[in-house]
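Written below as structure tokens is the structure these notes are about.
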Amino acid sequence: MEPTGLTESTALTGSVQAMEPTPELRHEIDGLRRELEEHNYRYHVLNQPTISDAEYDRFFRRLQELELAHPELDSPDSPTHRVGAPVQEGFGTLRHRVPMLSLANAFNADELKAWDVRVRKLLGTTGEVTYSVEPKIDGLAISLRFEAGRLIEAATRGDGVTGEDVTSNIRTIKDIPWHLPPYCPENIEVRGEVYIGKDDFRKLNQEREQLGEPNFANPRNAAAGSLRQLDPRITAKRPLGFWAYGAIGLDGITTHYGALEAVGNMGFPVYPEVRLVTGIDAVEALYQRYCETREAMPFEIDGIVIKVNSLADQERLGTVGREPRWAIAYKFPAIQENTRLEDITVHVGRTGTINPVAILTPVNIGGVVVSRATLHNEDEIVRKDLRIGDWVVVQRAGDVIPQVVKAIPEKRTGEERLFQMPTTCPVCGAPAVRLEGEAARYCTNGLQCPAQLVESLRHFASRRAMDIEWLGIKVAEILVEAKLVKDVADLYALTKEQLLALDRFGEKSADNLLEAVEQSKSRSLDRLIFALGIHEVGEVTARLLAKEFRSMECLAAATCEALQAIPSIGPSMSESIVDFFAEEHNQKVLAKLKAAGLAMELAETPDVPPDSPFAGREVVFTGKLETMTRGEAQELVERLGGTAGSAVTRKTSLVVAGADAGSKLDKARKLEIPIMTESEFARWVAEAQG
Ligand code: IVH
């Protein structure tokens, strides 16, 4: 789904109390949920956010308000009930023993004071509360589990309940001890933030530039991207650091500050300037100090975190939804700098939207060099009266895409030029039109436009769609430019000779690409539906559609009424779907995909043989298998009613160990999970299959 770009007028206005649950209100709530899901995914999974934290927070709050005012419209699936985004494929998952929570935000002194008043009211005290004040480090949250003094599991926050198993990658971070002193409790969990310092971030981006790789937008994305490497050897080369900010399972500790001291003594890095203060005015004074010193700090922070110090009081205050009542994040205002708007270019997106982009004289904004900023659409340029050559104020809010706040007209020399939005597509030359009521201008050439085609290919091949590993943006551009691919189905007709005729490909890279394309033929129906890039149809909807219609043919024949019978599919989405399948070009592409042998039907779950020893059990493979690939072995388990896990946890029922099995085998022994050899496994399979 392309983010639809909620605007003030559609999403953020209106008195909450007075509203009846009208169709408009339902529509607004649905829209906010879809938008938040999309941005969650972009932020947490892709590490490529497209809106600022502040905008995200506004959407989030609006949805929270609406759901509070209309509990009948609340839903357990709403993003307000989740922490972060779903776990991505590729890593095993780990369930957090205690949920990993998020933090409520305060954006000004009044909101902070209101929080303090509530804390005191709930605690029934007229006196002042003692708070721990610490920096809000801009990295990603990690939980580290130790058993008998040994690091056994590390997980990201994920959706707050289940995270990704990043144990092998975490082990590469030098700040994190693998063993604890002998006096430590048997079971403890330390939580904190993995981050990259500002200098290291700059160096990392320089190295990437030299290698022709895209820059990380900010240190947070760099840290998340580095930790989520499937190959821990890459993680090991990244300069990741860790600050501990909490622990679970410590004995005899009664304060948060005491817990930090204890984990510091165990060998974890704890930020040395954590302060204990009494009363909210002292917190505000500390915040002001941080505002002045944050830029000089060696790592990025986007606010401060204030926590009630007494653990007994924390317990009394408890948690609402995903946020504890005993802590709050007090966010910094965005950092602004002045620079020149050298030019405005336009970028053509997957659905043909033509978006203006500001080209800026590079400027360092709080440790990150910014040279481009989004301008959203032509109205925004007019509203801000931006001219090419202007001095402009640019801001970054600790994250995401920088924004041009305003022009500085006093600095004009008269040389500045007005920007004219092109009325033809800058890539293919087709007319670019703006429909009534829409802010965006669209190229009218659909997939005949190379820019849209490249973006569609990229989406089609992306990890959560058809997952074609070697097909990134560069390869997509080359294939389109060479006219080898005119629609996504042409990918399946590519030959080795065609690829070898292009400069970019050698024997190995051609084989890799063709192999990846071939493998993608067996992706499930829901992934294919998502990969088609139907306007408004994201992954969740694609899954619903596959489940409901069971084949591409039935989906293509569905009417708007049939589609709207599915809860969560509204009029606009159903229209997008019907329009997509009605278009002749799309019908041809689908016919070609079918002819190429792609799965057009929902895979039936095979009948599990009675008495299958794998039924309902999780099996983990480790080491090298001799007679089959790991994928084949996992498929066998699934066909026999089991699940294939990627990490050994207490949930694992069985571990199959091939040659050179490593840490997973150790862990299986430790957890006393049954272990079998490959030949024993093959015998079980043969018996189960009868
Ligand atoms: S405490 C229940 N302390 O902020 C409290 N979080 O918005 C949970 N963060 O997921 C977290 N610095 O990734 C805490 N000193 C700090 C923090 C911190 C950064 C992050 C953390 C968390 C997010 C919540």
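Since every read-out is calculated from the coordinates, none of them should be taken as a lab result. In this text, all values refer to a predicted model and were calculated from it rather than measured experimentally. Cβ sites come from the backbone with ideal geometry, for glycine too, and all protein chains shown count toward neighbours.
Descriptive notes on the structure:
- Shape call, the stretch 545-611: gyration tensor on alpha carbons, a/c limit 1.5: oblate
- Shape of the stretch 250-317, Cα gyration tensor, a/c cut at 1.5: oblate
- Between Ala109 and Asp343, the modelled label-to-label distance comes to 4.6 nm, taking each label 7 Å out from Cα in the direction of the beta carbon.
- Exposed loop sites, defined as chymotrypsin sites (Phe, Trp or Tyr not before Pro) outside DSSP H, G, I, E and B with at most 16 other Cβ atoms within 10 Å, are absent from the longest region of the chain, namely 184-469.
- The aspartates and glutamates within cross-link reach of Lys411, meaning a Cα-to-Cα straight distance under 13 Å and a gap of 8 or more places when in the same chain, are Asp390.
- Fraction in percent of alpha-carbon pairs per bin - 5 Å, the stretch 328-383: 4, 16, 20, 20, 16, 12, 7, 4, 0
- The calculated FRET efficiency for the pair Ala493 and Glu561, based on their C-beta separation and a Förster distance of 41 Å, comes to about 0.65.
- For the stretch 329-425, a crude dipole built from +1 on the beta carbon of Lys and Arg and -1 on the beta carbon of Asp and Glu, taken about the Cα centre, is about 180 debye to the nearest 20.
- Farthest toward the positive end of the dipole of the chain, out of Ser524, Ile577, Thr652, is the Cα of Thr652, where the dipole comes from beta carbon charges about the Cα centre.
- Ranked for footprinting exposure by Cβ neighbours inside 10 Å, fewest first, Ser226, Ser371 give Ser371, Ser226.
- When the Cα gyration tensor is reduced to axis lengths a ≥ b ≥ c, the ratio a/c is 1.5 or higher for the stretch 252-394, and with a/b above b/c it is classed as prolate.
- Taking θ as phi - 60° and the Karplus parameters 6.51, -1.76 and 1.60, the scalar couplings of the stretch 100-116 work out to 8, 8, 10, 10, 6, 10, 10, 10, 8, 4, 5, 5, 5, 4, 4, 5, 4 Hz in sequence order, x denoting glycine and proline.
- Estimated 222 nm signal from helices in the chain, with DSSP H stretches of n ≥ 4 weighted -39500 (n - 2.57), rounded to 500: -10500 deg cm²/dmol
- Relative exposure of Ser522, Ser646, Ser663, judged by other C-beta atoms within 10 Å (fewest first): Ser522, Ser663, Ser646
- In the chain, a dipole from Cβ-located charges (positive for Lys and Arg, negative for Asp and Glu) runs towards its positive end, and of Cys291, Val161, Asn355 it is Cys291 whose Cα lies farthest in that direction.
- One chain, two ends: Val369 and Asn215. Fully extended at 0.36 nm per residue, the span grows by 54.4 nm beyond their Cα-Cα distance.
- Residues Leu276 and Arg61, FRET efficiency given R0 of 30 Å [Cβ-Cβ distance, rounded to 0.05]: 0.50
- Net lengthening on full extension, Glu632/Leu671 (0.36 nm per residue, minus Cα-Cα): 11.4 nm
- Within straight-line reach of Lys486, meaning a Cα separation under 17 Å, sit the following aspartates and glutamates at least 8 residues removed in sequence or on another chain: Glu455, Glu477, Glu583, Glu584.
- The local environment of Ala661, defined by Cβ-Cβ distances under 15 Å, has a net charge of +1 under the rule Lys, Arg +1 and Asp, Glu -1.
- Spacing of the two label points (7 Å from each Cα toward its C-beta) at Ser551 and Val382, in nm: 5.1
- Positive-end ranking of Gly437, Pro333, Asn205 along the dipole of the chain, with charges on Cβ about the Cα centre, is headed by Asn205.
- At full extension, Arg118 and Glu292 could sit 59.8 nm farther apart than now, given 0.36 nm per residue minus the alpha carbon distance.
- Principal semi-axes in Å for the stretch 557-690 [√(5λ), Cα gyration tensor, largest first]: 42, 18, 15
- Each label was represented as a point 7 Å from its Cα along the Cα-to-Cβ direction; for Ser663 and Leu68 these points are 4.3 nm apart.
- Of the GluC sites (Glu not before Pro) found in the stretch 242-333, those in coil by DSSP whose Cβ has at most 13 other Cβ atoms within 10 Å are Glu273.
- With kT/(6 pi eta Rh) evaluated at 10 °C and eta = 1.306 mPa s, and Rh the Kirkwood radius from Cα pairs, the chain diffuses with a coefficient of 57 µm²/s according to Stokes-Einstein.
- Euclidean distance of C-alpha centroids, the stretch 105-169 and the stretch 322-338, integer Å: 13
- Cut-off 12 Å between beta-carbons: net charge of the residues surrounding His96, Lys and Arg +1, Asp and Glu -1: 0
- Cysteines (scope the chain) whose Cβ has no counterpart Cys Cβ under 4.7 Å: Cys184, Cys291, Cys554, Cys560
- The stretch 363-485 - charge dipole about Cα centre, Lys and Arg +1 at Cβ, Asp and Glu -1, debye rounded to 20: 160
- Each Lys or Arg adds one and each Asp or Glu takes one away; over the other residues whose Cβ falls under 15 Å from the Cβ of Met421, this sums to 0.
- Cross-link table Lys174/Lys307; Lys237/Lys331; Lys521/Lys592; Lys508/Lys664; Lys174/Lys331; Lys474/Lys508, entries beyond 22 Å C-alpha to C-alpha: Lys174/Lys307; Lys237/Lys331; Lys508/Lys664; Lys174/Lys331
- Taken about its Cα centre, the chain carries a charge dipole of about 1300 debye when Lys and Arg each add +1 at the Cβ and Asp and Glu each add -1 at the Cβ.
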